[in-house]
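The values are calculated or read from the model by the stated rules, or taken from the named source; none is laboratory data. The model shown is predicted, which means the values in this text are computed figures rather than measured ones. Don't worry about glycine lacking a Cβ; one is built from the backbone with ideal geometry, like all the others, and counts go over all protein chains shown.
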Amino acid sequence: MKQTSRRTVAGVVMIFTAALVWVFIISPNRVTVAQDKYKSGPAPAYQDLKYKTDLEFAKFLQKEWMKADILPGISADIVPKPVDIPEAEITDDDQERLEEAIDNSRSLKPELVPPSPLPEPKPIPDKAPEPTMPRNLRTVHLDFFEASCEISYEASLWVPLGRAVNNQLIGRFWESISRTNYEDFLAQAAYYRNRMILNDWGFAFLLLKIGEEIYPNSSNGAVLFTWFMLVKSGYDARVGYYKENVHLLLPSGNVWYGTPYFTIGSKTYYVAVFGNDTKQVKSLFIYKEAYPGASKNVEVAVEQPPEISSQIKQRNTSFSYRGKTYDVAIDYDKATVDFFAAYPQTDLNVYFDAPVSKIAGASLIAALEPIVSGKSEAEAVNILLRFVQTAFDYKTDGEQFGREKYFFPEEIFHYSHSDCEDRSVFFAYLVRNLTGLEVIGLDYPGHVATAVKFSDALNGEYVTFNGTKYIICDPTYIHANLGMCMPQFKEVTPDIVQIRT
């Protein structure tokens, strides 16, 4: 009897030991083991803190949210732009002043040096990093403005959502997705961001497009996924909900005109729409405290042109100057134009500071440098002025788009018409990159123009900025020479838009 008992006990011990081995070592579905809760990291203590932070934040999200009234988007300029633009009548005095300016200004430098060279891009690997824990993976294939992206992600990044949209659902979503291997996904997303040279806004857009692939039948799921990944990337992104919809809320240091927003303290959050309509958003339930360590704004400044996919298009233009006609054909990148089509309208300096794609930049230099080469500063600027004034048809944004839309420099080639700020942004780019001269923007009520700082004192209408004289150059005032201001703005003091030099 005693021998039988010993054998029974030994058998039980062996079965129990085998069960432990299966659960903790062999089983692929163990979900409560520390390795699944705390993914790979520099030290267990770090992972314990990370898991604790995520759990506490999930509990915080399930507490009561506050209701915020969403303010309607701010108008960039309440003064309407003129539907018809005037054509300058050049008098003998005007022509004499131009000749004097040409004679009294020095010749362009023989070698053009861009005023603000673009930083060298970081070396990018040939392919996205492989997942470090390849378990239960799925693959998403995405064309981001025709650029092919392929990302492997853990299946658990898809979190089932209930029907009722509330803070309880959002808190549970955070707790579930924070336990996944999201770090591998973010490493791959960062690879594609760097490869396409996307700024903060572009990265948020990319994450949303990926989220729409992972959550194909749930816009709320795509928004929550984007929010989580942005927060885990250090951005102070938020979400708000009302009735059955969840909205992504992004902070920015720039104004996003025409975009609904609200503020928490001194920080402004915009309802991120990526080209969609948000006029129906009147109020949202929001949470007040940011995730620990997530403090970055989603910036819209364009330091470098995105390199998404090469879709070369051509715009053929012509203009006349001093009895000679010039045919100018410009190549541009359609993918860059499409990218900016969904952009929020923002501060003028963002557009003035922006570069063009490598395709457009090389094409502009090749087409226009021979025309201005060997000319004096004044004549070169006047030639560029006439080009922008007459090679593009004018129409207000309201007539063309039904809303206000500022162009980045490259967009002027794609659309059939342009208005004053579009021409001013483009003209400023040309002057800076073809003459090396300093330019400022002039923001009048209902109008935008520019002014140029010449190496030598020239006569003509001007503004003073930082104690320096800048000659007015208006690329919308048809056939006007440098130093000529539209009559209705002669007695108006503009706001100065400083452009990065």
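Only one entry of Ala380, Ala329 meets the criterion of being crowded, with 22+ Cβ neighbours inside 10 Å, among the hydrophobic types (A, V, I, L, M, F, W, C), modelled with pLDDT of 95 or more and out of contact with any Cys (no Cβ under 8 Å at 6 or more places or on another chain), and that entry is Ala380.
Please work out if Tyr470 is closer than 18 Å to Gly436 by Cβ and not polar (S, T, N, Q). Judged against the criteria, Tyr470 is a match.
Filtering segment 460-484 to residues that are among the hydrophobic types (A, V, I, L, M, F, W, C) and closer than 19 Å to Asp422 by Cβ leaves Ile472, Cys473, Ile478, Ala480.
Please go through segment 49-79 and pick out each residue that is more than 21 Å from Phe285 (Cα to Cα), in a loop (DSSP other than H, G, I, E, B) and of a type outside the set (D, E, K, R). Selection gives Ile74, Ser75, Ala76, Ile78, Val79. Candidates Arg238, Arg172, Arg195: the one that is touching a Leu at 6+ places or on another chain (Cβ under 9 Å) and surrounded by fewer than 20 Cβ atoms within 10 Å (Cβ to Cβ) is Arg172. Within the span defined as segment 255-276, every residue fails to be in a loop (DSSP other than H, G, I, E, B) and among the basic types (Lys, Arg). Apart from one condition, Leu206 fits all of (1) among the aliphatic types (A, V, I, L, M); (2) under 27 Å from Gln62 (Cβ atoms); (3) in contact (Cβ under 8 Å) with a residue 40 or more places away in the chain; the exception is (2).
Of all residues in segment 201-254, which are part of a helix (DSSP H, G or I), of a type in the set (Phe, Trp, Tyr) and touching a helix residue (DSSP H, G or I) at 6+ places or on another chain (Cβ under 6 Å)?
Pass one, segment 201-254, residues part of a helix (DSSP H, G or I): 201-214, 219-232.
Then keep just the ones that are of a type in the set (Phe, Trp, Tyr); that gives 201, 203, 205, 225, 227-228.
Correct list: Phe203, Phe225, Phe228.
Residues in segment 426-482 that are of a type in the set (A, V, I, L, M) and assigned to a loop (DSSP other than H, G, I, E, B) were compared, and the one that is farthest from Arg500 (Cα to Cα) is Ala480. Kindly indicate the residue of segment 149-173 that is in contact (Cβ under 8 Å) with a residue 60 or more places away in the chain and outside any loop (DSSP other than H, G, I, E, B) and also nearest to Val223 (Cα to Cα) among those meeting that condition. Filtering first and then ranking leaves Ile170.
Considered as a group, the residues in segment 323-379 that are among the aliphatic types (A, V, I, L, M), outside any helix (DSSP H, G or I) and more than 22 Å from Arg500 (Cα to Cα) include one that is farthest from the chain's Cα centre (by Cα), and that residue is Val328.
Residue-wise test of (1) in the same structural domain as Leu206 (by TED's automatic domain parsing); (2) in contact with a Gly (Cβ under 9 Å, 6 or more places away or on another chain); (3) small (Gly, Ala, Ser).
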residue	(1), (2), (3)
Ser252	yes, no, yes
Tyr261	yes, yes, no
Val271	yes, yes, no
Val281	yes, yes, no
Lys296	no, yes, no
